[in-house]
Amino acid sequence: MRGAGRTALLVLVALLTSGGTLATETEAGDRAFDQGALSEALEHWQRALAVAERTGDPTATFEALLRVGAGERRLGDLDGAEVALGEAERLAEGLGPVAQARAWDAQGLLAQERGDSGRAERLLTRAFDAHKAARQPSGAAGAALNLGLVRMERGDSAGARGALDASVQLFQALGDARGLAEALATRGVASRRAGALTAARQDLELALATYLPDQLDGRMAASQSLALVYLDLGQTARARAALAVALPWARALDDPTRAAALEQGMGALEAAAGDLPAARAHYAAAEAGWSAGGRPAEALSAAMDLAALGQGDAAALRRALDQSRALRRPALEARAALQLATLALETDPDAAEPLADRALQLALRHELVDLRWRARAAVGIIAVRRGELEEGIPSLREAVDELERARDGLEDHEQRAFLLSHEPVYRALIDALLRQGDPLGAFVYTERLQLATLGRPPLPDDPQVAHYQRLIAQEASLSSALEGAVGGPPQREEALRAQLATLRVEFASTVDELRASYPHFEELVRVDPEDLEALQADLEPGLVVLQPVLFDDRLVLMVFSRDRLVAREVPVEAEEVGRTLRRLARLLQKWEHFHDPEELDRLAAQAGAWLLDPIAEDLAGAEVIAVSATGVFRQLPFAMLRTDGRYLIEQAAVVSVTHVGSLRPSGLAPFRVQGARTLLLGDPDGTLPHAEREVEQIAAVFPGATTLAGGEATRQALLAHLEGKTVLHLATHAYLDPRQPTQSFLVLAGTETLQYGEIPGLAPYLGSARLAVLSACESGLPVEARGGPDGDLAVSIHGLAAQFRRAGVETLVASLWRVDDRATEALMERFYRALSEEQDVAHALRSAQLALIADPSLSEPTFWAAFSVVGDWR
């Protein structure tokens, strides 16, 4: 017979009330479970168990025990579940390997519920392997689904996706719509946790279309998860619609925990939208619902969400910390400790330190990957605030490393969103390194922050790239194993260090080979000090790199050249700098309507006083100044900044680089324009007469160039002539949609357009392209939009020009504001004439800009400073 306590009492009740057969009670329980009526399901399964035990059928008893254990686990009776599943596991020993696999599967889920994720993963991996060995695809599919759930909870996004991919494939092969829907929904949740929002949305939408009508519980949960994905994407209107769909399902389930889950999701939505009163109401309702349903851990999670709103409720978080310890929930305890540490950081660093340390200990012990980097960052920031740089900097380095590993597998826009949301960790580390007097280290992490803002180009389909990815996974695994081995047997620790050293030698060799083969590969690897030291030795004489970094209380100007690396500090408030630069950008973008040359000169001089005057000696003798800008500096036309009464462009050529690694010598011959390999497209809609003359003048400078003007400038013609060309010049309209930036486009003939999202798809046609000139309005302007028509919270893009970089073009010329048709014609004619004289792209644009400055009718910066060179100008 089964054990004592609540479970035994339920068996007695089941015996006294049993009137159905084993099959009918089992089917009734399964049906109630699918509809979310867990208590009703458990009652039926208890009756089925009583019937099975009376008949003495071990197989039927085993099946019933598994169901009872699952029901009790879902209802929070973990001790009762342990009794039921322990008996099931003992019975399984006499029923063969398939039964054992199923028992391990159930025990794994219970271990996870108890917070022992390491044991859970081991049990579920054993179950999956046993099902495969027994050629039981149905069991293997279920075990893979559960394994994915556990790995997801542990923060192992790559491992979770691997298991869930296998589950989806197996359920598809079996034609099991019920299981497939659950696997798709779970994979969607895992993708969301990993930040892969597009994949999450696709899986959850497909899951909702796959669920059977009676799977109300799954449909409701998937709708809720999809709403959170929409929220992450900034699409609040769609998020609300998804939750509105889920609400009647939650009510139909007549289960307070289902409604609680929905309320918690709605709380997250309202909190992100800034409606704190509504968020508080939803979180409070969620806490009440979880409590009514006997789910204390989930109730505590909702209470912590409530306590974290606004300025945070320290008293409530302390209660949550105590409750999480009582419940033996290490993930919740770590989260509460971390939130308390964050609250205490500004007011009481001494109190914050032990809380952050505790959160980190729990995250390490229980392998809570997502909390681990947050706790490391908190420990590091606290130490730095206390002046303990030697202790704080290593923690911050480790936090950044883990952040960057978490980026693997995300799509381009998702990588930016993920890492930019954690920019303060980078800035805290850069600040600490500067305070320590380590400009090289600060420059390294400034560069890594810059890389974090870029959209990664697609990885090439190459065996060497696949090998590189395997090495990354091996390094992460060995590093994690070494971390766990510290303090253990010294022989194991030494062996792991030796393996890691050997692997890193192979990794460095592989990276060098890939750098030589793929110009964009520099953007796929992290930057280390030795990389910058090697790059510094390779820099050309006369090249100076400027990288401004803005902190709350000061501006730091990082200057990098062949013979120096310095950090100059300017005591100025970030708010003042941001206000001035944003006003300058607004005046330039609206110059047609608010023409104020004197104010422009004043603002340009002020910006120069901050950004150029403090480094005048460092810039002396520079021939090319390469600016690597982030944040508010990305919209700043550095060429028009004034120093010593002159524009910067009058001192040297100015280029923008996406990251310092792009300055590495490419090994290619200096770029020269050839008429036969140049494609010119101009005035496709007939509204830009100067654009048509512009391409005619360029064609006169470079005979043999292909010209598509007016109605000839169709998509078909563009693609037909693009292949093999080294220069692409587009003199047309660019439309940058400030509310939906990803809907921006370039105009082609007739009603055709080249959409923002389509540009990277030109890569097969742009294989030979070295230079793309977007002679159009705002073609290089980065945009962040808020409050779009779909309720978007925030969408950011790096401009139309950046999409051509993603398509493989190394050098771009693009504009930051709406340009004058006549002035642009004059600028481009002089630019290409300078290129015909074998000037490089940077000096050719400088020559053109100086020519316009010398022309009294075109000397204002609004006419000549909009265009800049981005990328490799050589």
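Numerical summary
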quantity	calculated
Full-extension gain in nm, Val566 to Glu599, via 0.36 nm per residue minus C-alpha separation	8.7 nm
Long-range HN-HN contacts of Val627 with modeled amide H, under 5 Å	Leu546, Val655, Ser656, Val657
Accessible surface of Asp57 - all protein chains present, 1.4 Å probe, nearest 10 Å²	60
Debye log10 I(q)/I(0) at q = 0.16, 0.21 Å⁻¹ for the stretch 650-745, Cα point scatterers	-0.89, -1.09
Inter-label distance, nm, simple model (7 Å from Cα along the C-beta direction), Asp644/Arg822	3.5
Extension reserve of the Arg178-Ala281 stretch, reckoned as 0.36 nm per residue once the Cα distance is removed	33.6 nm
Cut-off under 5 Å, modelled amide H: who pairs with Leu565 long-range	none
Whether the stretch 263-401 is rounded, prolate or oblate, judged on the alpha carbon gyration tensor where a/c under 1.5 counts as rounded	prolate
Glu391 versus Glu592: modelled label distance in nm, points set 7 Å from Cα along the beta carbon direction	6.0
Amide H contacts of Ala709 (H built 1.01 Å from N, under 5 Å, at least 5 apart or other chain)	Gly682
Calculated FRET efficiency for the pair Asp552/Ala616, C-beta based, R₀ 25 Å, to 0.05	0.45
Nearest-0.05 FRET efficiency for Arg435 and Gln202, computed from C-beta distance (R0 45 Å)	0.50
For the stretch 110-211, projected area of the alpha-carbon convex hull averaged over all directions, nm²	5.8
Anisotropy class of the stretch 269-338 from Cα gyration tensor, a/c 1.5 cut	oblate
Cα pair count fraction exceeding 14 Å, expressed as % - the stretch 630-688	76
Cα-projected label distance for Asp129 with Glu752, points at 7 Å along beta-carbon direction, nm	5.8
Ser138-Leu327 FRET efficiency (beta carbon distance; Förster radius 51 Å; 0.05 resolution)	0.90
Centre separation in Å (Cα based) which lies between the stretch 117-195 and the stretch 598-623	58
Three-way shape call for the stretch 201-325 based on the alpha-carbon gyration tensor, with the a/c threshold at 1.5	oblate
Surface share of carbon and sulfur [accessible, 1.4 angstrom probe, percent] for the stretch 538-622	45
Average accessible surface area per residue within the stretch 693-743, 1.4 Å rolling probe, Å²	45
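The values are calculated or read from the model by the stated rules, or taken from the named source; none is laboratory data. Keep in mind it's a predicted model, so treat the numbers as computed, not measured. All Cβ positions, even for glycine, are placed from backbone atoms using ideal geometry, and neighbour counts span all protein chains on display. In case anyone asks, the SASA skips ligands and DNA or RNA and just uses the protein heavy atoms, side chains included. Shrake-Rupley method; radii C 1.70, N 1.55, O 1.52, S 1.80 Å.
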